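Taking it in order: structure first as structure tokens, then the write-up.
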Amino acid sequence: SPGLIIEQFILNFTITNLRFTTDLGTPNSAKFNSTEKIMRHYIDPLLQKSSIGPYFTGCKVIGFRSGRDRDVTGIDAVCSYKSNVSLAKFDREKVYHELSTMTNGVTKLGHYSLEKNSLYVNG
């Protein structure tokens with residue numbers, strides 16, 4: 001449709017029960033690719049249920065990083081949504097609050113445990 005553009009935002013969070021390994025930190029390694037698919041399996045449905053759901057087009061993990069120790073893994077993802085001038089402006093605080101609620105106060109993502117206070121939306 002006319003005036004339709006793809007906007008992006010960054011999503012960051014830390015998983016406390018995903019051990020960081022060197023191959024997880026290597027883009028396009030088998031471990032990176034399989035874990036990226038798993039993360040999308042959990043992240044995409046949440047965003048589809050959020051206020052941006054009708055405009056959401058997907059997320060791609062761009063990096064896994066070691067947390068304060070190797071027992072935790074930080075996740076960085078780029079998420080996209082369709083936008084145009086007639087749509088409401090992206091509200092990162094609203095999306096953050098929705099994701100916080102859907103992850104039980106930033107504690108659970110599927111069978112993964114999240115580090116409380118580790119969720120950032122364009123932060």
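Only Cα pairs within less than 10 Å get springs; with that Gaussian network setup on the chain, which residue of H41, H111, H97 has the largest fluctuation?
In the Gaussian network model the winner is H111.
So what is the calculated 222 nm ellipticity per residue for the chain, using -39500 (n - 2.57) for each DSSP H run with n of 4 or more, over all residues, to the nearest 500 deg cm²/dmol?
-8000 deg cm²/dmol
Can you tell me which of N84, N33, N12 moves the most in a GNM of the chain? Springs connect C-alpha atoms under 10 Å apart.
Of N84, N33, N12, the Gaussian network model singles out N84 as fluctuating most.
Report the accessible area of M39, computed with a 1.4 Å probe over the heavy atoms of all protein chains in place, in Å² rounded to the nearest 10.
So the heavy atoms of M39 present about 0 Å² to solvent.
Ignoring everything but the protein chains, give the 1.4 Å probe accessible area of K49 in square angstrom, nearest 10.
Accessible area of K49: about 150 Å².
State, to one decimal in nm, how far the label point of S34 lies from the label point of D71, with both points 7 Å from Cα in the Cβ direction.
2.4
Could you give the length gained on full extension between S118 and D23, defined as 0.36 nm per residue of separation minus the Cα-Cα distance, in nm?
Fully extending the segment from S118 to D23 adds 31.9 nm.
List the aspartates and glutamates whose alpha-carbon lies under 17 Å from that of K60, not counting same-chain residues fewer than 8 positions away?
Hits, sequence-local ones excluded: E7, E36, D44, D76.
Any chance you could give the angle, 0 to 90 degrees and rounded to 10, that helix 30-48 forms with the longest Cα principal axis of the chain?
For 30-48 against the chain, the angle is about 40 degrees.
With contacts defined as alpha carbon pairs under 8 Å and 6 or more residues apart, what's the relative contact order of the chain in percent?
Reported relative contact order: 39 percent.
Would you pull out the residues with amide H under 5 Å of F56's amide H, same chain only if 5 or more places away, H placed 1.01 Å from N?
Amide H to amide H, under 5 Å and 5 or more residues apart or across chains, F56 pairs with K82.
Only Lys, Arg, Asp and Glu count, each charged at its Cβ (+1, +1, -1, -1), so figure out the dipole size of the stretch 7-119 about its Cα centre, rounded to 20 debye.
Dipole magnitude for the stretch 7-119 comes out near 80 debye.
At a Förster distance of 22 Å, what's the computed FRET efficiency of H111 paired with I10, Cβ-Cβ distance as r, to 0.05?
After rounding, the FRET efficiency stands at 0.35.
With all protein chains present, how much of the accessible area of the stretch 5-122 (probe radius 1.4 Å) comes from carbon and sulfur, to the nearest whole percent?
51
The values are calculated or read from the model by the stated rules, or taken from the named source; none is laboratory data. All values reported here derive from a predicted model rather than from experimental measurement. Cβ atoms come from the backbone with ideal geometry, glycine included; neighbour counts cover every protein chain shown. When the accessible area is computed, the model is the full protein with side chains, heavy atoms only, and any ligands, DNA or RNA have been set aside. Shrake-Rupley method; radii C 1.70, N 1.55, O 1.52, S 1.80 Å.
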